[in-house]
1. Does PHE288 qualify as being within 22 Å of ARG305 (Cβ to Cβ), of a type outside the set (Ser, Thr, Tyr) and part of a strand (DSSP E or B)?
2. Quick one: in the range 373-399, of everything that is modelled with pLDDT of 90 or more and aromatic (Phe, Trp, Tyr), which residue is surrounded by the most Cβ atoms within 10 Å (Cβ to Cβ)?
3. Being in contact with a Ser or Thr (Cβ under 9 Å, 6 or more places away or on another chain) and assigned to a loop (DSSP other than H, G, I, E, B) is the filter here; which residues of the range 372-399 pass it?
4. Identify, please: which residue in the range 157-205 is in contact with a strand residue (DSSP E or B) (Cβ under 6 Å, 6 or more places away or on another chain), farther than 18 Å from MET236 by Cβ and hydroxyl-bearing (Ser, Thr, Tyr) and is, among those, modelled with the highest pLDDT?
5. I want to confirm something. Restricting to the range 161-193 and keeping residues that are among the hydroxyl-bearing types (Ser, Thr, Tyr) and outside any loop (DSSP other than H, G, I, E, B), which single residue is nearest to ASN118 (Cα to Cα)?
6. Within the range 110-148, track down each residue that is more than 21 Å from the chain's Cα centre (by Cα) and not in a strand (DSSP E or B).
7. Is it fair to say SER333 is modelled with pLDDT under 90 and crowded, with 17+ Cβ neighbours inside 10 Å?
8. Provide a single number: the residues in the range 208-225 that are among the small types (Gly, Ala, Ser) and either modelled with pLDDT of 90 or more or crowded, with 17+ Cβ neighbours inside 10 Å (or both).
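The values are calculated or read from the model by the stated rules, or taken from the named source; none is laboratory data. Worth saying up front: this structure is predicted, and the values here are computed from it rather than measured. Neighbour counts are summed over all protein chains in view; Cβ atoms, including those assigned to glycine, are modelled from backbone coordinates with ideal geometry.
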Amino acid sequence: MLRLRFLGFFFAINLNLNFLYAYTSLLRPSITIDSFPAVLLDSVYIRVNNHLDISLSPISNVFLFNPIDGFLCQTGIKSRFNAKKPITFSLHPRYAIQRKILYAEAEVSAFLVNEKFNSSQLFFSAGNFLTQVNQPFIKNEQIISIINVIDGLNPLLFIEKKFFKVQLNQTLFSNFIFQASSEFADRNYLENYNFQRWNFKRNEPLESFNLRDKALIHTFSLSYSPFLTINYKKGMPGFLESESNFDFLELAFSQSFNIKKFGRIDVNFISGKFIQQDFLHFNDFYHFPTGRTLKTSHPVISTFRLLPYYEFSTNNYFHRIHIQTQTANFLLSKWLFIKKSKVLENIFINLAITDKLQPFLEMGYALDNILKNFRLEIVSARYDGKWLGPRIILGPTSL
């Protein structure tokens, strides 16, 4: 069993290195890649001319593994037309080899207005895809797949989601952003049944929930970037047998303070509450951004490191506080070779509060901007009278 997991780990790493070699031999000046992590090759961008861009994504995730689908292949293509009022089409297919199922999701977006300070953009998306329950705080599946093989445990809950969605983004005076969306989803939770013979543990919420549901959810968001964001969600029953019936309100404050001769302090405060919940599935609970890897779709500064997946998920209220200080004049950053490499030091504190559990507090120290793209940190946490960690984590820079 252990040898099988190491074989899977070796295979995943070796595959990435092979793609890295093939890719670097084909590089052209017109192609760029994401800043982090370069060795994992998240995307390849090709500019054909001034009116057409094509991106192939993600190269590193062509071959993956998870206990739901087993081994799978996936890719993505996005094309962008018309430089003045861009129209974008994207397609993201994946094929589960073990289950012999083809998933796909597609999106079309178009600018109705595209001016310097004001813009209006409309999105249409639909598909059937394997999706993480912890929306919108998605974890990088390439890294999670390696953790799956080593630990024999999938830390994430997955649902098979059939959906269609319409969204409008309106920007005013550059800083004011309004978003409105309506999404209908038919969601079905999938267990780790394919790989029980590999002794994978079942990954379930702490309580017993039926995660199969149908939901029509309207979402409205207004933000004054980057200081204040107000989110409101409404679950609407009845449409195509939609069951969801709830109201959710969230406020998020974010502010950075530059202190002369010291550095920067970033403060994030997020608070939310389900105002009413006549019918609310675990899929729509509030799930905290957390995980063993910092490669995520959300900022490093406002991410928990040691908070257990789904243990703090709530259907009532929550508060999150994230504070990080960043300086080039503290301990290690005073050393000459550290100062020359422009590595910055960080001290951060994260606090999570819900109605059900004791507050979760974690603290850490990090070196940021290592080789421009990486961040190395050590973090510990205090929960229910016990210390968790310390743990050393490598992730993307928070700059």
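1. Details: within 22 Å of ARG305 (Cβ to Cβ): yes; of a type outside the set (Ser, Thr, Tyr): yes; part of a strand (DSSP E or B): no.
The answer is no for PHE288.
2. If we take residues in the range 373-399 being modelled with pLDDT of 90 or more and aromatic (Phe, Trp, Tyr), then TYR383 is surrounded by the most Cβ atoms within 10 Å (Cβ to Cβ).
3. Going residue by residue through the range 372-399, those that are in contact with a Ser or Thr (Cβ under 9 Å, 6 or more places away or on another chain) are 372-375, 387-391, 393-397.
Listed by number, the residues that qualify are LYS372, ASN373, THR397.
4. For the range 157-205, the residue satisfying everything is THR171.
5. THR171
6. Of everything in the range 110-148, those that are more than 21 Å from the chain's Cα centre (by Cα) and not in a strand (DSSP E or B) turn out to be GLU115, LYS116, PHE117, ASN118.
7. Values: modelled with pLDDT under 90: yes; crowded, with 17+ Cβ neighbours inside 10 Å: yes.
Considered against the rule, which asks whether it is modelled with pLDDT under 90 and crowded, with 17+ Cβ neighbours inside 10 Å, SER333 comes out as yes.
8. First pass over the range 208-225, keeping only residues among the small types (Gly, Ala, Ser): 208, 215, 221, 223, 225.
Applying the additional criterion that residues be either modelled with pLDDT of 90 or more or crowded, with 17+ Cβ neighbours inside 10 Å (or both) yields 215, 221, 223.
Qualifying residue count, the range 208-225: 3.
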